[in-house]
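Novice: Dropping the structure in here first, questions after.
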Amino acid sequence: MVPEIAARKHIEFLYKLAQKAFEESKTTPYDIDAIAATYGPGLIGSLLVGTSFAKGMSLSLKVPFIGVNHLVGHIYANFLDFPELKPPFLTLLVSGGHTMLILTKDYLEYEIIGQTRDDAAGEAFDKVARILGLGYPGGPIIEDKAKNGKSIYNFPKPLYDVGYDFSFSGLKTSVLYFVKEHPEAKIEDIAASFQEAITETLVHKVTKYALENNIHEVVIAGGVASNLVLRKKLDEYKDKLNIYYPRLTLCTDNAAMIARAAYEKYQRKLFSKLDLDVCPNLGFSEI
């Protein structure tokens, strides 16, 4: 991905996309009560295009502008499919840039329980896919290859029984050296074994914390939440935990989740000033 090209494509298509959204929803700009946009984390050029467009609409329509943390949006994707969901609940947020355990104490009130110390889960999928020559994005490709493979290789699970932080850099490196030392190994088996190590670690951490702290509601969010092996492993705990994950189209980045998070802020009149700056490395505590 080339950030400059991505930003230019945003400029090229955003107005057309907005027009299409109004047409398909049979609404007009004057039906809108507020305008929301992601202000971070993400690519700075794309964030600037989106927030500038949103601020312009906010000014012209004389309605509030609401800046939304991208990560909070992922959590609120679940509210679109499960309106009955209420805090407190534990969230496993797994995406290309983040792997976090987050306790949602109340609406817009969070506590970070654990996070990755190096590579995120989605990033590890992408890097291992590149090692195996499978292309991008790595998550769906590795999952597809693993369907025809067997988890026969014992790759490491860093920090498996150490606290609630994550670490996937060592796992990625282990796969790299294994591929170099075992050229005869089938890609499908390597993919299945890698996927087993990463999903087993994720499931172990989130269920362990939930069960030990008497938390009954567990929410899965982010692009890696679409992994069906991860979901199948989590389903094994459904007799002990209520587990929620949104439909596949709401797992990856989407506007609906940002709108749902913005609605929560709108109800509380938590509006943003028009001088709100974008923040590519926005932290989770800044909601």
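Novice: Suppose we keep only residues that are among the β-branched types (Val, Ile, Thr) and in contact with a Gly (Cβ under 9 Å, 6 or more places away or on another chain) within segment 158-192. Which one would you say is surrounded by the fewest Cβ atoms within 10 Å (Cβ to Cβ)? It would help to see each step written out before you state the result.
Specialist: Step one: of segment 158-192, the residues among the β-branched types (Val, Ile, Thr) are 162, 173, 175, 179, 187, 190.
Restricting the remaining residues to those that are in contact with a Gly (Cβ under 9 Å, 6 or more places away or on another chain) gives 187, 190.
Values: 187: 16, 190: 25.
The selected residue is 187.
Novice: Could we say that residue 117 is assigned by TED's automatic domain parsing to the domain that holds residue 178 and either buried (at least 23 other Cβ atoms within 10 Å of the Cβ) or more than 20 Å from the chain's Cα centre (by Cα) (or both) here? So that I can check it myself, show each step before the final result.
Specialist: Numbers: assigned by TED's automatic domain parsing to the domain that holds residue 178: yes; either buried (at least 23 other Cβ atoms within 10 Å of the Cβ) or more than 20 Å from the chain's Cα centre (by Cα) (or both): no.
So residue 117 fails the test.
Novice: Now a separate question. Examine segment 45-64 for a residue that is under 19 Å from the mean Cα position of the chain (by Cα) and of a type in the set (A, V, I, L, M), and state whether such a residue exists.
Specialist: yes
Novice: Looking at the structure I just gave you, is residue 108 closer than 22 Å to residue 40 by Cβ and modelled with pLDDT of 95 or more?
Specialist: Details: closer than 22 Å to residue 40 by Cβ: yes; modelled with pLDDT of 95 or more: no.
Considered against the rule, which asks whether it is closer than 22 Å to residue 40 by Cβ and modelled with pLDDT of 95 or more, residue 108 comes out as no.
The values are calculated or read from the model by the stated rules, or taken from the named source; none is laboratory data. Note that the coordinates shown come from a computational prediction; the quantities given were computed from them, not determined experimentally. As a convention, Cβ positions derive from the backbone with ideal geometry for all residues, glycine included, and neighbour counts pool all protein chains shown.
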